[in-house]
Each structure stands twice: as structure tokens, then as C-alpha cells.
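> Below is a structure I'd like to ask you about.
The values are calculated or read from the model by the stated rules, or taken from the named source; none is laboratory data. This structure is a prediction, so every number in the text was calculated from the model and none was measured. Note: ideal-geometry Cβ built from the backbone for every residue, glycine included; neighbour counts use all protein chains shown. Side chains are part of the model used for accessible areas, which takes the heavy atoms of the whole protein and leaves out ligands, DNA and RNA. Shrake-Rupley method; radii C 1.70, N 1.55, O 1.52, S 1.80 Å.
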Amino acid sequence: MNKNSSNIMALAPNTSNKRETVCIFGTGDFGRALGHKMIQSGYPVVYGSRSTQISNLIPKDAEVLGHAEAAQKAAVIIIAIQRQHYNFLTPLAEVLRGKVLVDISNNLKLNQYPESNAEHLAQLLPGSKVVKAFNTVSAWALQSGTLDASRQVFVCGDDVEAKQMVMNIVRALGLTPVDKGSLLAAQEIENYPLQLFPMWKFPMFLSLGLTAFFFFYCLALDVIYTYIYEKNNFSFFIAITIPNRVCPVMALILLALVYLPGIFAAIIQLYRGTKYRRFPDWLDKWMLCRKQLGLIALAFASLHAVFTLVTPMRAFVSWRTSKGIISQVLNNKTEPLNNTNAWLSDSYLALGILGYFLFVLLGITSLPSVSNNVNWREFRFVQSKLGYLALILCTAHTLVYGGKWFLSPSAYKWYLPNIYMLSLVVPCAVLVIKFVLIFPCIDKPLTQIRQGWERNPKHSH
């Protein structure tokens, strides 16, 4: 009985519609947007400002007072001003003593100051409880309500109760608080919005490098070689033909590179006989950017699909088709349908369509809004099982289309293999090794290792 009543008492504050007053120092874009969102969520809001004139920009249900008077009305004060203007807070030290100050500021560049803005604020007002929060949410997202991509709010602070108060406000606004620990984490949180695609750097540089390599490789074999030895000017291949060769090659190689680090991880764990040792740094970083590699691969696959769809509209294709028809007319001979070529053509198209469908499915399930609505087993099934199936289909698509060149001497211009042959090296290696790893004699000890079994426990820690 006592237990039930204590649970009811614990829930009482959360079920109450009454919320504590929140004070906001600063009437800029973010201060106004945050105040508007808080009023919508049921919080009484009072603005502390140098001018107490009520502007049309201020939310109509908010109160505007002087800084000292506004601070006295609330236990939580949001500092929505830039660091260079913090000095005006010093005369308010006594009024702000014991109050929770929420620093939401950002800088113009990484590590702009020796200490974080939140730590600087804590030094200016040692009697206050400083919490860092809301700096990763944009004013536009708050105003428009499109918070799907920026729903997480990083929170840090030295006072546990103050931090919990701020996290409760974050939840009330429909956002997700993420506790990052003490105020020492403020520097990292402030640097976060300034990082431009931090997880995309390696995938982008790798993709650009490989794209440039394959583009110039095709340029040498398809344009320069034919011009030198066959006196044909195929320079227009640069517009569509070469990109439509590079894009599928890049899509296949990058998709294989998504699953290759998992292969390396399995081999390392089998060799070590334990999962309790860190992977090499290069493998850790590689595994962390697999999602980005996969999305770039999907972009290349989509470009390949578009380039292929416009192929019949090309002047070169129309000329080649009409040339074949005229040749048959002049020779008074109709070439019969080659069933083998028809089967190959339909097969590689069907494999490409199915592979692309699974490719798109992988991309959709990697979106946070989708992945958050599936459990771990479902997510793993799609990303692992269906991912390998997509790799098999895309590899088969390339193999059926480009396999004919393997045994054709004319395909080795300047003794170099065709681009499609190069594209099959990595995916075929991944699929062969994965096939070996699923043998029961290898899969069973690997599963045991991943469940915590160790070959030499005394040497693994």
C-alpha cells in the first residue's frame, strides 16, 4: 500500500499542468523562438531586457521586464546572448546566486577561446549553477516545428539537480535530452554545431579519389586509346558514357566497402580469441562511417539508373541503331534474335533492378526516423542479411554485364583490364570471405567470442 502511494506521489509533479516560470535573457532570434516554444508547452515566460518596451517580435503571452526583476521571478534563466556581452551579468551576481543559468551560446570557429563559454560563465558567476544546453537546436527548427533532424539536445553541468531541471524542460518541449556529464564537456558540445559533416570527410575524400581515378582510367581507354589507334573521336563520351560507367563501379565498390570492415573485425576477433580488445584505430573509424559510405553508394547507383534511362535519347545510340538497320537492308539480310544475348540482357537488367530496390531499402532504413521505429533484430536483418543480398545482386548484375570481357583479348587496351573487371575485385573478395565465415566450423567459435567467450582470458585484459 505504501509502495503504491509513494509511486502516485512521485508521479504527481509530472502529471500537473502547472509549470515553473522560465526567464530568458536576450530577445534575439533564438531567444524569441525558444520562448515561443516554451509558451506553447505551457511554461510562463518572462524576458529580461535592457528595454522593457514590448515589441511585436516578442511572443504575445510573454512578459518583458528589466534583467534583475525578470531574474527574481524564475529559478531557471536562459542566457540567450553572445559571450562578449556576458560582462553585464556581473552586477547581477547576487540576484543570480543559486539560480540555474542555461548557456546556449555558440562560437564562430572551433576552440575559439581557451575555455568553453559555459565554463567562462561559471567563472563570472560562481554562485550560480551553470548548465550547457540547447546550442545544437536552431531557431528555425524551433519556429517551424521541423525538429526530426535535430531532436537531440546535449546537456552538461556540474550540479546534478540543475541539470535535471533543464533536462525536464527539454523533454517538455518534445526534445530528447542527452546527458554529456560535467561542464568539462561544454567545449565538445560547443564545437559540435561548427563541425561540417565530421563523419563524412573520409567517405567523401575516398569517393572523390576513386571517382577521379576511374574517370581518367575510362578516359584513357575509351577516348584517348580509340583516337590514337582507331582515329575515332569519341570525346563526347565524357558527358554520359564515362559517367555511366564510373557510377555503377563506384556504387558497387562503396557498397562492398560497407561490409569489408565487418569482415576484418571478424578475422581479428577469431585471431585474438576475444572481443575485449580494441580494434585498430583505422578499423574503428572505418566502421563508424559505414552508413555514410552506403548513402554515397546509393547516390552513385541512383545516378547510374538516371543515366541508363536517358541512354535511348542519345544521338550516338540513335546513329548506331540506324546504322545497324541500314547495314541489314543493304546486305538484304536480317539478323535473327540471339537468345543467349537476350537472356543475358534481361538477366543483368533484372538483377540491377532488384539490387537497386534493396539498395534503396537499405538507405531508407538508415534514416533516424525509420531506424528508431524498428527493433535491433529487424534493423540488423535489413542492414546485414538484405545488405549482403543487395551486394550479391549488384555483383551478379556487373558480372553478367561485364563478364564477357574477361576472356576477350580486345578488351585489354594497353594491357589494362576493363573497368568492370576492376570493380568486381573488392565485392567478390568480400562475398568469398563472408561465405567462408558462415561455415559452422568458423561461425560457431566466432559467435561464442562475440557472446563473451575468450580463448586466453588471462592475456586479454
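> Checking the structure you have, find out if any residue of the stretch 320-340 is in the same structural domain as PRO243 (by the TED database) and at pLDDT 90 or above.
No, there is no match, as no residue in the stretch 320-340 is in the same structural domain as PRO243 (by the TED database) and at pLDDT 90 or above.
> Go through LEU96, LEU142 for me and flag whichever is more than 17 Å from ILE169 (Cα to Cα) and touching a helix residue (DSSP H, G or I) at 6+ places or on another chain (Cβ under 7 Å).
Just a single option satisfies the conditions, and that option is LEU96.
> Here's a follow-up. Kindly provide the set of residues from the stretch 260-315 that are of a type in the set (Ser, Thr, Tyr), modelled with pLDDT under 95 and open to solvent by less than 50 Å² (accessible area, probe 1.4 Å), ordered by number.
THR274, THR311
> Got at least one residue in the stretch 325-343 being assigned to a helix (DSSP H, G or I) and either among the charged types (D, E, K, R) or touching a residue at least 12 places away in the same chain (Cβ under 8 Å) (or both)?
no
> To continue, here is another question. Restricting to the stretch 227-254, name every residue that is open to solvent by less than 30 Å² (accessible area, probe 1.4 Å) and of a type outside the set (A, V, I, L, M).
Answer for the stretch 227-254, where residues must be open to solvent by less than 30 Å² (accessible area, probe 1.4 Å) and of a type outside the set (A, V, I, L, M): PHE237, THR241, PRO243, ASN244, CYS247, PRO248.
> If only one of LEU446, LEU358 is more than 21 Å from the chain's Cα centre (by Cα) and at pLDDT 90 or above, which one is it?
Of the residues listed, the single one that is more than 21 Å from the chain's Cα centre (by Cα) and at pLDDT 90 or above is LEU446.
> Here is a further query. Please verify whether LEU92 is outside any loop (DSSP other than H, G, I, E, B), surrounded by 14 or more Cβ atoms within 10 Å (Cβ to Cβ) and at pLDDT below 90, treating the condition exactly as stated.
No, not satisfied.
> To continue, here is another question. Could you give every pair whose Cβ atoms fall below 7 Å, whose first residue belongs to the stretch 68-94 and is on the phi < 0 side of the Ramachandran plot, and whose second residue is among the acidic types (Asp, Glu) and open to solvent by less than 20 Å² (accessible area, probe 1.4 Å), counting only separations of at least 6 or pairs across chains?
Every condition considered, the pairs that remain are ILE79/ASP103.
> Take the conditions closer than 20 Å to SER138 by Cα, touching an Asp or Glu at 6+ places or on another chain (Cβ under 6 Å) and surrounded by fewer than 17 Cβ atoms within 10 Å (Cβ to Cβ) and apply them to ILE39. Does it pass?
It is true that ILE39 is closer than 20 Å to SER138 by Cα, touching an Asp or Glu at 6+ places or on another chain (Cβ under 6 Å) and surrounded by fewer than 17 Cβ atoms within 10 Å (Cβ to Cβ).
> Is at least one residue of the stretch 360-374 in contact with an Asp or Glu (Cβ under 6 Å, 6 or more places away or on another chain) and outside the structural domain of ILE296 (by the TED database)?
no
Yes/no per residue for (1) buried (at least 18 other Cβ atoms within 10 Å of the Cβ); (2) of a type outside the set (D, E, K, R); (3) touching a Leu at 6+ places or on another chain (Cβ under 6 Å):
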residue	(1), (2), (3)
TRP343	no, yes, no
LEU354	no, yes, yes
GLY363	yes, yes, yes
SER366	yes, yes, no
SER369	no, yes, no
GLN383	yes, yes, no
LEU393	yes, yes, yes
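> Name the residue that is most open to solvent (accessible area, probe 1.4 Å), counting only residues in the stretch 166-205 that are touching a Leu at 6+ places or on another chain (Cβ under 8 Å) and polar (S, T, N, Q).
Restricting to residues being touching a Leu at 6+ places or on another chain (Cβ under 8 Å) and polar (S, T, N, Q), the top hit is GLN195.
> Within the group PHE379, PHE439, which residue is modelled with pLDDT of 85 or more and open to solvent by 40 Å² or more (accessible area, probe 1.4 Å)?
PHE439
> Are there any helices (runs of 4 or more DSSP H) wholly within the stretch 384-437 with 2 or more residues that are among the acidic types (Asp, Glu), and if so which?
Result: empty, no element qualifies.
> Considering only residues that are in contact (Cβ under 8 Å) with a residue 60 or more places away in the chain and not in a helix (DSSP H, G or I), which ones fall in the stretch 242-274?
Across the stretch 242-274, the qualifying residues are GLY273, THR274.
> OK, next. Is it the case that SER410 is more than 30 Å from the chain's Cα centre (by Cα), among the small types (Gly, Ala, Ser) and either farther than 22 Å from MET287 by Cβ or crowded, with 18+ Cβ neighbours inside 10 Å (or both)?
Considered against the rule, which asks whether it is more than 30 Å from the chain's Cα centre (by Cα), among the small types (Gly, Ala, Ser) and either farther than 22 Å from MET287 by Cβ or crowded, with 18+ Cβ neighbours inside 10 Å (or both), SER410 comes out as yes.
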